[in-house]
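The structure under discussion appears below in the form of structure tokens.
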Amino acid sequence: MIGLSFIEKLLDGASVAHFPLEKIAKIKHGKDWKKLASGDIPVYGSGGIMGYVDTYSYDKPTVLIPRKGTITNLFYVDSAFWNVDTIYYTEIDETKILPKYLYYVIKTIDLMSLDTGSGRPSLTQAILNKLLIPMPCPDNPEKSLAIQAEIVRILDAFTAITAELTAELTAELNMRENQYNYYREHLLSFDEGDVEWKTLGDIAEIGTGKHDTRDAIEDGEYIFYARGREPLKLNTFNFDETAIITAGDGAGVGKVYHYAQGKYALHQRAYRIVPDDSMHPRFVYHYISAYFNDYIQKASVSSSVTSLRRPMFLKFPIPVPPHSEQSRIVEILEKFETLTTSIQEGLPREIELRQKQYEYYRDLLLSFPKSHSHEAA
């Protein structure tokens with residue numbers, strides 16, 4: 001694979017110098033586009049294409065660097081475009097550096113570490129101008145561009161392969177998710193006479209915690225379930241049990257579910273559902289995950305449920321098949337869930353590994369032997 005020996009062979013004895021970005025490219029601000037007529041020229045902001053207009057701000061290959069917002073969201077554009085004021089474009093000296101090469105180099109830089117925003121992430125022109133860009137063979141522009149072109153060729157090929165593999169894995173993941181949803185619907189659908197039905201209040205203890213999000217500690221010893229998808233941490237715990245946790249209000253209502261085992265702390269507006277011995281806890285978890293959101297939407301007079309109360313949980317109907325049948329259903333659903341959602345074992349992990357592998361070799365290919373820096377070109 002790619003290694004230092006490959007870089008040395010590519011350089012063939014040529015030196016490498018690092019130049020401030022301002023010596024090889026000029027950073028340009030964007031402009032408002034609201035008064036422009038519609039057309040087929042893309043308008044870029046920090047989040048990507050925002051629309052299309054009939055004129056352009058630049059029509060040469062360039063690297064777009066967000067000024068505010070998603071500052072790690074770089075774009076390489078080689079056709080006419082318009083850019084708004086939340087994203088810079090670069091006017092590149094192509095006698096010294098290839099635009100696509102510059103794009104790949106900047107992709108290896110941790111732009112978040114350069115954030116100057118007090119709230120919304122921001123990159124200043126002054127900071128970007130000082131970014132050091134490695135230039136192979138700076139005293140021989142023709143050879144330098146040839147080396148850059150070879151690096152771009154390799155990375156383009158690697159990018160295409162990674163994108164293809166990721167697309168295949170994503171398609172497989174989507175198929176498995178559809179399959180999982182189908183089997184979950186099939187396995188958890190019971191007719192009225194097939195099994196006994198009870199309410200959630202009949203088969204589970206339901207309550208809330210006592211902590212606020214402000215109580216969270218970054219390196220706390222215990223998991224602290226709040227109302228979001230990502231658990232927090234605390235140095236104290238409220239419960240030591242197996243429970244299903246869900247948000248009591250906010251954006252996570254009817255969407256966020258956790259499965260707690262052992263000691264944990266709980267937010268004052270998150271609910272714990274602790275099944276009794278008649279229920280397999282994971283069966284309850286799967287059933288609530290599948291049907292509770294639809295239930296609260298139908299039970300509410302509002303079109304958008306933003307807050308839950310205990311009575312809504314108590315009245316939720318739930319089937320009670322024999323314990324052996326609950327275990328059988330759980331075993332099947334667990335296999336599908338692992339494949340479709342597990343970041344440790346499933347397809348999401350494979351997709352993540354492909355991207356990390358690509359980033360590793362990209363960074364390695366652009367990690368030139370240390371040399372001197374040039375303050376002037």
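Taken together, the values in this text are just the output of simple stated rules run on the coordinates, not laboratory data. Quick caveat, the model's predicted, so the values are computed rather than measured. Please note: Cβ atoms are built from the backbone with ideal geometry, for glycine as well, and neighbour counts cover all protein chains shown.
Structure data summary
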item	result
Kyte-Doolittle mean at least -1.0, axial Cα span of 15 Å or more - DSSP H helices of the chain	141-187, 281-299, 323-341
Violating pairs (Cα-Cα greater than 19 angstrom) within the set LYS233/LYS263; LYS60/LYS100; LYS26/LYS100; LYS96/LYS143; LYS298/LYS335	LYS298/LYS335
Three principal axis lengths of the stretch 1-142 [C-alpha, angstrom, descending]	54, 35, 30
Largest-first principal axis extents of the Cα set of the stretch 211-267 (Å)	28, 25, 15
Simple Cβ-charge dipole of the stretch 191-320, Lys/Arg +1 and Asp/Glu -1, about Cα centre, in debye nearest 20	520 debye
Euclidean distance between Cα centres, the stretch 36-84 to the stretch 181-201, Å	51 Å
The stretch 191-320 - convex hull of the alpha-carbon atoms, volume per residue in Å³	98 Å³
14 Å beta-carbon shell around ALA171, net charge (K/R +1, D/E -1)	-3
